[in-house]
1. Just checking, does the stretch 121-136 include any residue being open to solvent by less than 70 Å² (accessible area, probe 1.4 Å), β-branched (V, I, T) and farther than 29 Å from L6 by Cα?
2. Could you pull out the residue among A82, A103, A99, A119 that is in contact (Cβ under 8 Å) with a residue 12 or more places away in the chain, farther than 30 Å from V28 by Cβ and of a type in the set (G, A, S)?
3. Just to verify a result, which residue in the stretch 1-29, among those that are within 19 Å of the chain's Cα centre (by Cα) and not charged (D, E, K, R), is surrounded by the most Cβ atoms within 10 Å (Cβ to Cβ)?
4. Out of the residues in the stretch 48-85 that are modelled with pLDDT under 85 and in a helix (DSSP H, G or I), which is surrounded by the fewest Cβ atoms within 10 Å (Cβ to Cβ)?
5. Condition check: free of Cβ contacts under 8 Å to residues at least 40 places away in the same chain and closer than 27 Å to E11 by Cβ. Does F108 satisfy that?
6. For the stretch 89-104, enumerate the residues that are surrounded by 10 or more Cβ atoms within 10 Å (Cβ to Cβ) and not in a loop (DSSP other than H, G, I, E, B).
7. Within the stretch 33-40, identify whether any single residue is at pLDDT 90 or above, open to solvent by 70 Å² or more (accessible area, probe 1.4 Å) and closer than 29 Å to A16 by Cα, and answer yes or no.
Amino acid sequence: RHGVALRAIGEQPRAADSVGLNVQAYRVRAVLFGGLAAGVAGGALSLWHANTFVERMTVGKGFIAIAIVIFGRWHPIGVALAALFFGAVEAIGIRLQAAGVDAPYQLFRMTPYIFTLLALALFSARTRGPAAIGIPYERE
């Protein structure tokens with residue numbers, strides 16, 4: 001129910017308001033949840049992946065995250081599948097480097113970004129985000 005309400009607010013906030021949804025409250029909660037998720041992701045990255053905090057540890061992961069949302073067509077299941085795909089691409093690059101494939105290590109490091117650009121070039125034209133995203137809403 002909350003997902004449908006959030007999607008309605010993203011597409012047509014005036015219509016969502018007309019059926020009694022508090023558009024401002026939903027938007028604030030969505031932004032707070034996004035900040036919470038980003039904080040958990042940053043904590044997981046520094047504690048689990050890198051085992052320490054270092055500057056520039058995200059190295060473009062935010063760009064990949066935006067591409068994942070676009071590639072997943074703004075749908076939770078599609079986003080989860082896209083995240084698995086991009087994670088697998090990064091893991092394959094690391095595995096190939098560890099296996100001793102004769103190629104510059106920079107090639108393996110940039111494979112996620114190459115696939116990100118390819119995915120955006122091929123699929124972003126057919127993907128449409130929420131119609132009212134980024135547009136302020138004031139109740140009349």
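1. No, because not a single residue in the stretch 121-136 is open to solvent by less than 70 Å² (accessible area, probe 1.4 Å), β-branched (V, I, T) and farther than 29 Å from L6 by Cα.
2. Working: A82 fails: farther than 30 Å from V28 by Cβ; A103 fails: in contact (Cβ under 8 Å) with a residue 12 or more places away in the chain; A99 fails: in contact (Cβ under 8 Å) with a residue 12 or more places away in the chain.
Answer to the check: A119.
3. Taking the candidates together, the pick is G10.
4. So in the stretch 48-85, the residues modelled with pLDDT under 85 come out as 48-60.
Next, from what is left, pick out any that are in a helix (DSSP H, G or I): 48-49.
Values: W48: 8, H49: 11.
Within the stretch 48-85, the match that is surrounded by the fewest Cβ atoms within 10 Å (Cβ to Cβ) is W48.
5. Details: free of Cβ contacts under 8 Å to residues at least 40 places away in the same chain: yes; closer than 27 Å to E11 by Cβ: no.
No, not satisfied.
6. V89, E90, A91, I92, G93, I94, R95, L96, Q97
7. Yes, because at least one residue in the stretch 33-40 is at pLDDT 90 or above, open to solvent by 70 Å² or more (accessible area, probe 1.4 Å) and closer than 29 Å to A16 by Cα.
This table checks each residue for (1) touching a residue at least 24 places away in the same chain (Cβ under 8 Å); (2) in contact with a helix residue (DSSP H, G or I) (Cβ under 8 Å, 6 or more places away or on another chain); (3) among the β-branched types (V, I, T).
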{"site": "L6", "(1), (2), (3)": "yes, yes, no"}
{"site": "A15", "(1), (2), (3)": "no, yes, no"}
{"site": "S18", "(1), (2), (3)": "no, no, no"}
{"site": "V23", "(1), (2), (3)": "yes, yes, yes"}
{"site": "G39", "(1), (2), (3)": "no, no, no"}
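The values are calculated or read from the model by the stated rules, or taken from the named source; none is laboratory data. Owing to the predicted nature of the structure, the values given are computational and were not obtained by experimental measurement. Here the Cβ is made from the backbone with ideal geometry for all residues, glycine too, and neighbour counts use every protein chain on show. Protein only, heavy atoms only, side chains kept; ligands, DNA and RNA dropped before computing areas. Shrake-Rupley method; radii C 1.70, N 1.55, O 1.52, S 1.80 Å.
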